[in-house]
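Read the figures in this text as sums done on the coordinates, not as results from a lab. Here the structure is a predicted model, which is why all the values come from computation and not from measurement. Neighbour counts run over all protein chains shown; Cβ positions are idealised from the backbone, glycine included.
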Amino acid sequence: MPSAIVIGGGLAGLSAAAALGGAGFHVEVFESRPFLGGRATSFPLSPASDASELIDNCQHILLRCCVNLLDFYARLGVQDSIRFYREFYFIEPGGRVSTLRRGALPAPLHFTESFMKMRFLGAGDKIAIARGLLALRRERTRRKDLDSITMLDWLLQKRQTPRAIERFWRQVLVSAVNEDVDRMAARHGFQVFWLGFLARADAYEMGVPAIPLGELYRAELWRGIGDISLRLRCPVERIDPEGITAGGQRRTADYYICALPFERLAGLGLPAPAFEHSPITGIHLWFDRAVTDLPHATLLDRTIQWMFNKSAGRYLQLVVSASRDLAAMSRADIVALALDELGEFFPDARQARMEKAHVIKELRATFSAAPGTEALRPAPETSRTDLFLAGDWTRSGWPATMEGAVRSGYLAAEAVTAASGRPARFLLPDIA
Ligand SMILES: Cc1cc2nc3c(=O)[nH]c(=O)nc-3n(C[C@H](O)[C@H](O)[C@H](O)COP(=O)(O)OP(=O)(O)OC[C@H]3O[C@@H](n4cnc5c(N)ncnc54)[C@H](O)[C@@H]3O)c2cc1C
């Protein structure tokens, strides 16, 4: 069977490796870091100590409509390590909670009951949102300008109220696409609401890994999949027509998949698009007592957008997507801001003593899904017949997410099988 070298052990590279390994290819994965998972990984909080707890780079969540990511987890046998939740909690400053869950009606009306009861929106906001969702459903396949206008342009065209934009559309989309509604192409907003909210009644269910992210790809899980060798701490220094150089050594294979972030390609002599980045900030806080019993919640009208309860209400992970405003702030100031805001949503946090805090600013979290970007995202094929591209920034059909990365890996693996004369299909179609 032919051989393939995969460069980069993030989700794009790992999914390509799993697909090709399963199809009988001899696969070698080269990853520069000592662990797999790329941006969707975990690491020891205190690297110097063997007993250090593992923390996620940042809380990563998925939805049931992430069918390729779930397929990849199934290949590794870890699908049961994802815990799905049917409730979304929206909290206002002051602590009032509204819950979104599906009811008895079929899609696309499955949220009607809980949506009507949401207390953070007025009747006018709800009517505007219902009108907006209907228009989205109708215009999804008809409009041709969804990659050239922003989501905010579209929301204003549909006469959405300021509160509906701020507390509903923006609140959902900024975290899903990691970009603000005045900067994201409308096509991404459409996709999130169509696939996640309208197409199927269970599609919105939120999956949260019940184990540290890095353990989803641990070494022993790869044994049953095929002939796949994982080379950690092995940065690739060069890619040229004769092969690659990794750790000073030449390596060759029949096919190569470059699954690196786009900003790394130029350093290896490959052309790359000049996308802008959008940052994400993760704030980990440990308290001396429980400050909430909710498993997670989205926080309205403030800087912090999401809270995830990682351990008995005492260890919380807070997430701010498209966090440009926090980029220049010191970590101490970010922690102070987070504590202030938490107290507004969870009064118990005011009495609690913070035991430790850890802030991770990912300035290059994802590419910015701005209007006009879609046409610049490359397909897996390159000018070479033996070299293919993968990564959440390539043309996967999804924004930069774990699902987008896995889709890109499967597409690159399909392109390799086609080039080898053994065409195979790995990509699963979207749910609708
Ligand atoms: C803070 C944060 C929060 C996020 N939250 C979510 C979320 O909730 N849900 C979601 O779906 N997505 C989320 N994402 C996005 C998601 O993590 C990414 O879209 C996805 O993991 C990208 O995978 P990838 O394989 O394309 O790239 P990467 O994960 O970046 O993988 C690239 C790999 O290449 C390696 N590498 C780099 N240079 C070399 C070299 N020279 N040689 C060998 N290896 C090299 C890197 O170490 C890395 O492991 C989040 C991202 C961030 C940063």
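Brief remarks on what is shown
- Ordered by the number of other Cβ atoms lying within 10 Å of each residue's own Cβ, fewest first, Arg364, Arg231 fall into the sequence Arg364, Arg231.
- Rounded to the nearest whole Hz, the Karplus-based 3J(HN,Hα) values (6.51 cos²θ - 1.76 cosθ + 1.60, θ = phi - 60°) of the stretch 58-65 follow the sequence 6, 3, 10, 10, 9, 10, 4, 6, with x at glycine and proline.
- Centroid-to-centroid separation of the stretch 14-38 and the stretch 104-143 [C-alpha atoms, Å]: 42
- Label-point gap, in nm, between Ala104 and Ser81 - each point 7 angstrom along Cα→Cβ: 4.0
- Percent RCO, i.e. relative contact order, over the chain, from Cα pairs under 8 Å lying at least 6 residues apart: 25
- For Ala74 and Ala379, the difference between the fully extended length at 0.36 nm per residue and the C-alpha to C-alpha distance is 107.2 nm.
- With K and R counted +1 and D and E -1, the other residues having a Cβ less than 15 Å from that of Ser46 yield a net charge of -2.
- The charge dipole of the chain, taken about its Cα centre with unit charges on the Cβ of Lys, Arg, Asp and Glu (plus for the first two, minus for the last two), comes to roughly 980 debye.
- Positive end of the dipole of the stretch 239-337 (Cβ unit charges, origin at the Cα centre): among Pro241, Ala253, Gly313, the Cα lying farthest that way belongs to Gly313.
- For the chain, the convex hull drawn through the C-alpha positions has a volume of 145 cubic angstrom per residue.
- Förster radius 25 Å - calculated FRET efficiency between Leu221 and Ala312, Cβ distance, rounded to 0.05: 0.35
- Calculated [θ] (222 nm, deg cm²/dmol) that DSSP helices of n ≥ 4 give over the chain, each run adding -39,500 (n - 2.57): -7000 deg cm²/dmol
- Nearest-0.05 FRET efficiency for Ala274 and Leu134, computed from C-beta distance (R0 60 Å): 0.95
- Built amide H within the under 5 Å cut-off of Trp306, gap 5+: Leu299, Val319
- Here's how it looks for Leu387: its modeled amide H is under 5 Å from those of Tyr256, Thr382, which are all 5 or more places away or on a different chain.
- Range of Cα positions in the stretch 233-279 per principal axis (Å), largest first: 34, 22, 14
- Proxy reagent accessibility, fewest Cβ within 10 Å first, across Val416, Val236: Val236, Val416
- Net charge of Cβ neighbours under 12 Å - reference Ile7; Lys, Arg +1; Asp, Glu -1: +1
- Within the stretch 1-99, antiparallel bridges make up roughly 50 percent of the DSSP beta bridges whose residues both belong there.
- If you take the Cα centroid of the stretch 47-103 and the Cα centroid of the stretch 223-249, the two points sit 31 Å apart.
- Given charges at beta-carbon only (K, R positive; D, E negative), |dipole| of the stretch 244-296 in Debye: 300
- Within the listed set Thr417, Thr141, Thr281, the residue fluctuating most in the Gaussian network model of the chain (springs between alpha-carbon atoms under 10 angstrom) is Thr141.
- Listed residue (Gly132, Ser114, Thr150) projecting farthest to the positive dipole end of the stretch 112-165, Cβ model: Ser114
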